[in-house]
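Undergrad: First, the structure itself, so that you have it in front of you.
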2 protein chains.
Amino acid sequence: MPEKSELEMLCLEKGLRMTGQRRIIASVISLAGDHPDVEEIHKRAVQRDNGISIATVYRTVKLMEEFGLVERHEFGDGRARFEVTPEAHHDHIIDVETGEIVEFVDPELELLQRHIAERLGYRLVDHRMELFAVKITGR
Amino acid sequence: MPEKSELEMLCLEKGLRMTGQRRIIASVISLAGDHPDVEEIHKRAVQRDNGISIATVYRTVKLMEEFGLVERHEFGDGRARFEVTPEAHHDHIIDVETGEIVEFVDPELELLQRHIAERLGYRLVDHRMELFAVKITGR
DNA sequence: CTAGCTGCAAATTCTTTGCTACTAT
DNA sequence: ATAGTAGCAAAGAATTTGCAGCTAG
């Protein structure tokens, strides 16, 4: 048996029942450097077990999301995209020309968001931010 | 004929053909103080002309969005919500308990976002940010 | 007049779910 | 053992679209 993926171990910690399908799906998400959608996760999973159904992928990512193990993003293209919940929160820049996604953290930004909310009488519980941008070409 | 809504005038400026249905839909969006989704816009439009189909609402908001007259938002509940494109850009705080949406502008935030993008080699073309929060009760 | 719009229903796309057989624990 | 899971196909929800008749300009 191949070694456990990071996400599989997180699932075990939460006491989730680990089926063969879930192991593969967990591994696919763990190894993904990008932010794959369900169809893409399914495509990669099927390469390792051609019997996995897309319904199982949907059920699995939903389950993992409910346990806080993966994060769901909606980048505006209509389908949900996933990544292992990062240790440190980060936001995304989407290159509108290439679709490439860059992650970043900015503590100043996080602080400012909290302040804005407080100024309006709210306590921030979550936020979502995406920057849409184009690469600056060196002239 | 009732007077023209703000959004209807914007449509005319763009040279859009103004049908009865479009006038009503424009007016509904113009007068909405909230951020109605297509179903809600349709519901309000039907009160003034019970023949308007929801397909027309979909087509109309899409058209107006393509002309930059309305803005589409996805607040994470699966359906798109609309508002007349504001003069000055603003972001949203969503009260996760009540669903209430508060608009705000923060120049400092806008600036910071541009800086973050530039720092990573990008030129910001757009952004989306929603703060999810709960009202601070006075103890 | 005629390009463009509308209503209707069928089609798409993404996601969820009922059911029966199967499997992790 | 047995509660939870997988596959399949059908159901849903939001949105789009083909078509034939209607309408703004």
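Since every read-out is calculated from the coordinates, none of them should be taken as a lab result. Computed from a predicted structure; not experimentally measured. Cβ placement follows ideal geometry from the backbone for every residue including glycine, while neighbour counts extend to all protein chains displayed.
Undergrad: Using just the C-alpha positions of segment A:79-139 as equal point scatterers, what log10 of I(q)/I(0) does the Debye formula give at each q in 0.23 1/Å?
TA: Evaluating at q = 0.23 Å⁻¹ gives log10 I(q)/I(0) of -1.06.
Undergrad: When every alpha-carbon pair in segment B:2-80 is counted, what percent end up more than 21 Å apart?
TA: For segment B:2-80, the fraction of Cα-Cα distances above 21 Å is 19 percent.
Undergrad: Also: Using only the alpha-carbon atoms, how far is helix A:54-66 inclined from the longest principal axis of chain A? Give it as 0 to 90 degrees, nearest 10.
TA: 50
Undergrad: First select every other residue whose beta carbon is under 14 angstrom from the beta carbon of A:I52; then total the charges, Lys and Arg +1, Asp and Glu -1.
TA: +3
Undergrad: Can you pull out the GluC sites (Glu not before Pro) in segment B:75-132 whose DSSP state is coil and whose Cβ has at most 15 other Cβ atoms within 10 Å?
TA: B:E87, B:E97, B:E100
Undergrad: On full extension of the chain, what length is gained from B:E103 through B:E66, given 0.36 nm per residue of separation minus the C-alpha to C-alpha distance? Let's see the in-between values first.
TA: Working: separation 37, 0.36 × 37 = 13.32 nm, distance 2.27 nm.
Extra length available between B:E103 and B:E66 comes to 11.1 nm.
Undergrad: Could I ask something else about it? How many partner chain Cβ atoms sit within 10 Å of a residue's Cβ in peptide B:75-82, on average, as a whole number?
TA: 1
Undergrad: Kindly provide the pair-distance distribution of the protein assembly as shown built from C-alpha pairs, with 5 Å bins from 0 and whole-percent values in order of increasing distance.
TA: The calculated distribution, bin by bin, is 1, 5, 11, 12, 13, 13, 13, 12, 9, 5, 3, 1, 0, 0, 0.
Undergrad: Over chain A, what per residue volume does the convex hull of the Cα atoms give, in whole Å³?
TA: Taking the convex hull of the Cα positions in chain A, it is 157 Å³ per residue.
Undergrad: Helix A:20-31 against the longest principal axis of chain A: what's the angle in degrees, Cα atoms only, rounded to the nearest 10?
TA: Compared with the principal axis, the helix lies near 30 degrees.
Undergrad: Something else now. Hey, what's the per residue convex hull volume over the C-alpha atoms of segment A:36-101, in cubic angstrom?
TA: 102
Undergrad: What nm distance separates the two modelled labels at A:L31 and B:E13, each placed 7 Å from Cα along Cα→Cβ?
TA: 5.4
Undergrad: For a quick check: sort B:V96, B:V28 by the number of other beta carbons within 10 angstrom, fewest at the front.
TA: In order of increasing Cβ crowding within 10 Å: B:V96, B:V28.
Undergrad: Efficiency by 1/(1 + (r/R0)^6): what FRET value for B:R123 and A:H89, r their Cβ-Cβ distance, R0 = 22 Å, to the nearest 0.05?
TA: Details: r = 25 Å, r/R0 = 1.11.
With R0 = 22 Å, the Cβ-Cβ based efficiency is 0.35.
Undergrad: One decimal, nm, shortest first: give the distances between the label point of A:A55 and those of the same position in the other copies, each label point 7 Å from Cα along Cα→Cβ.
TA: Spacings between copies for this position, smallest first, are 3.1 nm.
Undergrad: Shortest first and in nm to one decimal, what separations exist between A:F104 and its copies in the other chains, measuring from label points 7 Å along the Cα-to-beta-carbon line?
TA: The projected label point of A:F104 is separated from its counterparts by 2.1 nm.
Undergrad: Here's a follow-up. Given the Cα atoms of segment B:2-43, and with Rh set as the inverse mean 1/r over their pairs in the Kirkwood sense, what is Rg to Rh to two decimals?
TA: 0.97
Undergrad: To the nearest whole number, what is the average tally of beta carbon atoms from other chains within 10 Å of the beta carbons of peptide A:112-122?
TA: Average neighbour count from other chains, rounded to a whole number: 6.
Undergrad: Here's something else I'd like to know. What nm distance separates the two modelled labels at A:V96 and A:R59, each placed 7 Å from Cα along Cα→Cβ?
TA: 4.1
Undergrad: Sequence neighbours fewer than 8 away in the same chain don't count; with that in mind, list the lysines whose C-alpha is under 25 Å from B:K4.
TA: B:K14, B:K43, B:K62
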